[in-house]
Amino acid sequence: MIELHSAPTPNGQKVMIMLEETGLPWQHIDVNIRLGEQFSPEHIKINPNNKIPSIVDTEGPGGSYSMMESGAILVYLAEKTGKFLPPDQRQRYEVLQWLAFQIAHVGPMIGQSSHFNNYKGENVQYSRDRYNNEVLRIFHVLDNRLRTQAWLGGDEYSIADMATYPWTRGHKDRGITAEEFPGFHRWYAAMEARPAVQRNNQLTVEIRERMERAAEGKSAIDIYNTRDNAERLAKATGR
Ligand SMILES: N[C@@H](CCC(=O)N[C@@H](CS)C(=O)NCC(=O)O)C(=O)O
């Protein structure tokens, strides 16, 4: 059994898609990051970086095994099942390159741009421009790749596609049109045709609603106060 300790954010969704694709038995353990549950001492034992997602594999190597970092989790699940990471060396490195591109660029840059676009304070135009322009560049990188390859890793659907899709779900709001980005749009439609992706999208709504109901009447933390976050971690680890 794989326990997914998570929330249905893009990083959480990547792992849900993989679990649905592989057919492994799994369950979602809700971690409400708005309530600060990522800072609980129990959560920090499985995710020392106080983030979601994490997994606990009750039948891991040498017994129960826990992991943080969505990219590493995807590689782990691919190796456990022998699926979505090709054994051929060249194909494998193609997939790993595009997985690394998602982890290093797609996620962090879209995350930062959304943060500054939503930020209500003053003097954020420079930050907004910086990250929005970088996101536009990243969509061109994806589109260029997907004009010549069926999937990000090449001929085969892989963990690189699963990692990237959830981060691109807001592409319409960013003006990523089918005319200008045809390769990206063809791939996006192919992703949405997959039953596992459809199941992820449905679960995302259901889990979000369940977590909102469970949070009623509880007080939220300011997740963007990075100074407080450093103190929360120090407190949780007794430093
Ligand atoms: N590199 C990490 C990023 C994880 C991450 O940033 N998770 C966010 C939600 S998408 C989170 O847990 N935020 C809570 C916090 O910052 O306190 C991964 O890919 O797993």
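Mind telling me which of the residues 95, 141 ends up being out of contact with any Gly (no Cβ under 9 Å at 6 or more places or on another chain), assigned by TED's automatic domain parsing to the domain that holds residue 155, among the β-branched types (Val, Ile, Thr) and modelled with pLDDT of 95 or more?
Numbers: 95 fails: out of contact with any Gly (no Cβ under 9 Å at 6 or more places or on another chain).
One residue alone meets the criteria, 141.
Residue check: residue 169 meets all listed conditions (1) crowded, with 18+ Cβ neighbours inside 10 Å; (2) in the same structural domain as residue 111 (by TED's automatic domain parsing); (3) under 21 Å from the mean Cα position of the chain (by Cα) but one, namely (1).
Can you find, within the stretch 181-239, the residue that is surrounded by the most Cβ atoms within 10 Å (Cβ to Cβ) among those that are charged (D, E, K, R) and not in a helix (DSSP H, G or I)? Step by step, filter the stretch 181-239, then rank; the result is 194. Under the condition of being without any contact (Cβ under 8 Å) to a residue 60 or more places away in the chain and either within 11 Å of the ligand (Cβ to nearest atom) or of a type in the set (A, V, I, L, M) (or both), which residue from the stretch 67-87 is surrounded by the most Cβ atoms within 10 Å (Cβ to Cβ)? The selected residue is 73.
Mind checking which residues of the stretch 5-27 are more than 9 Å from the ligand (Cβ to nearest atom), crowded, with 22+ Cβ neighbours inside 10 Å and among the hydrophobic types (A, V, I, L, M, F, W, C)? Once the filter is applied, which keeps residues that are more than 9 Å from the ligand (Cβ to nearest atom), crowded, with 22+ Cβ neighbours inside 10 Å and among the hydrophobic types (A, V, I, L, M, F, W, C), the stretch 5-27 yields 16, 17, 18, 19.
Could you say whether any residue in the stretch 88-96 is buried (at least 17 other Cβ atoms within 10 Å of the Cβ), polar (S, T, N, Q) and in contact (Cβ under 8 Å) with a residue 40 or more places away in the chain? Show your work before the answer.
Let us first name the residues in the stretch 88-96 that are buried (at least 17 other Cβ atoms within 10 Å of the Cβ), namely 94-96.
Within this subset, residues satisfying the condition of being polar (S, T, N, Q) are none.
No - not one qualifying residue is present in the stretch 88-96.
Restricting attention to the stretch 1-51, report how many residues are of a type in the set (Ser, Thr, Tyr) and touching a Phe, Trp or Tyr at 6+ places or on another chain (Cβ under 9 Å). Within the stretch 1-51, residues that are of a type in the set (Ser, Thr, Tyr) and touching a Phe, Trp or Tyr at 6+ places or on another chain (Cβ under 9 Å) number 1.
Taken together, the criteria exclude residue 120 from residues that are surrounded by fewer than 19 Cβ atoms within 10 Å (Cβ to Cβ) and not in a loop (DSSP other than H, G, I, E, B). Note on the stretch 169-193: residues that are of a type in the set (A, V, I, L, M) and either in contact with a Leu (Cβ under 8 Å, 6 or more places away or on another chain) or closer than 11 Å to residue 140 by Cα (or both) amount to 1.
Here the condition is being under 15 Å from residue 159 (Cα atoms), part of a helix (DSSP H, G or I), of a type outside the set (Ser, Thr, Tyr) and away from the ligand (no atom under 16 Å from the Cβ); of 130, 92, it holds for 92 alone. Exactly one residue among 51, 45 is in a loop (DSSP other than H, G, I, E, B), among the charged types (D, E, K, R) and within 16 Å of the ligand (Cβ to nearest atom), and that residue is 51.
Does the stretch 98-108 contain any residue that is surrounded by 14 or more Cβ atoms within 10 Å (Cβ to Cβ) and within 19 Å of residue 223 (Cα to Cα)? Yes, the conditions are met somewhere in the stretch 98-108. Considering the stretch 28-37, and only residues there that are under 20 Å from residue 219 (Cα atoms), in contact with a His (Cβ under 9 Å, 6 or more places away or on another chain) and of a type outside the set (A, V, I, L, M), the residue that is farthest from the ligand (Cβ to nearest atom) turns out to be 30. Within the stretch 54-66, the presence of a residue that is at pLDDT 95 or above, more than 16 Å from the ligand (Cβ to nearest atom), crowded, with 20+ Cβ neighbours inside 10 Å and among the aromatic types (Phe, Trp, Tyr) is excluded.
The values are calculated or read from the model by the stated rules, or taken from the named source; none is laboratory data. Computed from a predicted model, the values in this text were never measured in an experiment. For neighbour counting, all protein chains shown are included, and Cβ atoms are generated from backbone atoms with ideal geometry for every residue, glycine included.
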